1. Among the residues of region 85-105, are any in contact with a Leu (Cβ under 8 Å, 6 or more places away or on another chain), modelled with pLDDT of 95 or more, surrounded by fewer than 18 Cβ atoms within 10 Å (Cβ to Cβ) and assigned to a helix (DSSP H, G or I)?
2. Please state which of the following conditions residue 197 fails to meet, knowing it meets all the rest: (1) in contact (Cβ under 8 Å) with a residue 24 or more places away in the chain; (2) closer than 21 Å to residue 271 by Cα.
3. So, in region 242-256, of the ones that are within 20 Å of the chain's Cα centre (by Cα) and under 10 Å from residue 203 (Cβ atoms), which residue ends up surrounded by the most Cβ atoms within 10 Å (Cβ to Cβ)?
4. Evaluate region 35-45: report whether one residue or more is crowded, with 18+ Cβ neighbours inside 10 Å, of a type in the set (S, T, N, Q) and either within 28 Å of residue 301 (Cβ to Cβ) or in contact (Cβ under 8 Å) with a residue 40 or more places away in the chain (or both).
5. Identify, by number, the condition in (1) acidic (Asp, Glu); (2) part of a loop (DSSP other than H, G, I, E, B); (3) modelled with pLDDT of 95 or more that residue 132 doesn't meet.
6. Within region 263-281, take every residue that is farther than 27 Å from residue 309 by Cα and not polar (S, T, N, Q) and give me the one that is modelled with the lowest pLDDT.
7. Residues of region 177-198 being surrounded by fewer than 18 Cβ atoms within 10 Å (Cβ to Cβ), of a type in the set (D, E, K, R) and not in a helix (DSSP H, G or I), which ones?
Amino acid sequence: MTVRRRVLCLALLAVLVAAGVLVYLYLPRSPKLADGKMRFAICQYDSRPGFIQWSIRHALSYAQEAADHGAGFIVLPEYSFCTADDTLNGNAFFYFRKKAAKIQRRLSAFSRRNRCYLLVNIPYEESGKIKEGELLPPRKNRSLLFDPSGRIVAKYEKRNIAFLDSFGGVRRGDSEALVELPFGKVGLMICRDASYGRKYPSYREADIVIVQFAHITDWTSDKERDPAWLTNDMGSSLADFPKVGKRLALSFQRPTALFANKTGFEPDGGFTGGSCAIGADGTILARAGTYADILYMDYALDENGRIRIDEPPVQALKKAVQEPRKE
C-alpha cells in the first residue's frame with residue numbers, strides 16, 4: 001500500500017470515528033423500558049456536610065443502582081448533592097457555580113450512558129458582581145431534568161420559599177414547569193411548593209407530578225411556626241406526606257404524585273425519608289422507609305407509548321436497596 005493510500009485510509013477512519021462520536025452525542029435516544037413499562041426510581045439517601053464531592057458520588061451511586069435495575073426516569077431529592085447546611089453557609093452555591101459546567105457534563109453523560117431521564121436539584125447562584133444594595137448575588141433553588149440524550153429539557157426554580165431557603169438567601173422562582181415528554185406530561189415541584197397546588201393550574205393537565213423534598217418539619221400549615229422547629233418528632237413529620245398528597249390530589253384530580261425525600265441527620269436536623277407514590281385519590285400507593293432506599297414504580301404504557309392514567313403504577317423491586325452504602 002502506497003503512502004497516499006495509507007493517508008486516505010487513516011483520514012477515512014478518522015471521519016468514521018468522528019461521525020460515530022457525533023451520532024452518540026447528538027442522536028436522540030429513547031429511555032429504556034422495564035418489561036414494556038416506564039420505571040420510575042425515587043432515590044433517598046444522606047449527604048455529608050462540607051464534603052460535596054463525596055455527596056455527589058454517593059448520590060450518583062444510588063442513581064446508578066436505579067439505572068442498573070431498569071429505571072428510565074430517576075428522581076433525586078432536594079439538595080441532591082449537598083446538605084442543607086452547605087446551602088445555609090453558602091458553600092454549596094459557591095461550589096456549584098464554580099463547577100457548574102463540569103457537573104452538568106457529568107450528569108449529561110450519566111443520563112446518556114444509562115438511557116434515562118435524570119431529575120436533580122442543585123443550588124444556583126448567578127455569577128458576576130453583587131448588585132448595589134444587595135448582600136448576596138441572586139440565588140435560586142433549582143432543579144434540572146436531563147433526557148436520555150443528555151440534554152437539559154426542563155429547568156424549574158422553587159416558587160414557595162421555605163425557612164432554610166430564606167436563611168440561605170434564596171429567591172423565589174416565577175414560573176411553572178409542565179414538561180411535555182414522549183410518554184406524558186410531567187409537572188415539577190420542590191418541597192414547600194407541594195402545599196400550594198392551587199398556584200399551579202396548568203398541572204391539572206399533568207400525567208405525573210414529581211416533588212423533590214428535603215423535609216425536616218411540619219410546613220403544611222399556613223400559620224407561623226415556632227423557631228424551635230427542630231423539636232418536631234419524626235412521626236409528625238412522616239405524617240405530613242399523606243396530608244400533602246391529599247391536597248395535591250384535590251388540586252389536580254388526575255395525576256399521580258411522586259415524592260422524593262432525603263434521609264439522614266445533618267447539623268440542621270434529621271430528614272425523614274418516607275419517599276412515596278400517591279394516587280389520584282390521595283392514597284399512598286407505595287412508600288419507602290426512613291432509611292436510605294430506592295422506591296421503584298412501574299407505569300403501564302398504551303399503544304402510543306403514553307402513560308395510562310387510568311391504571312395506577314405498581315411498585316417493583318421492593319428490596320433492591322435496604323441500607324446505606326459504605327463509600
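The values are calculated or read from the model by the stated rules, or taken from the named source; none is laboratory data. Keep in mind it's a predicted model, so treat the numbers as computed, not measured. So basically every Cβ, Gly included, is an ideal-geometry build from the backbone, and we count neighbours across all protein chains shown.
1. yes
2. (2)
3. Residue satisfying both the conditions and the ranking: 248.
4. yes
5. Residue 132 satisfies all of (1) acidic (Asp, Glu); (2) part of a loop (DSSP other than H, G, I, E, B); (3) modelled with pLDDT of 95 or more except (3).
6. The residue in question is 268.
7. 180
Per-residue answers, yes or no, for (1) aliphatic (A, V, I, L, M); (2) more than 18 Å from residue 256 (Cβ to Cβ); (3) modelled with pLDDT of 90 or more:
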site: 169; (1), (2), (3): no, yes, no
site: 179; (1), (2), (3): yes, no, yes
site: 184; (1), (2), (3): no, no, yes
site: 202; (1), (2), (3): no, no, yes
site: 223; (1), (2), (3): no, yes, no
site: 227; (1), (2), (3): no, yes, no
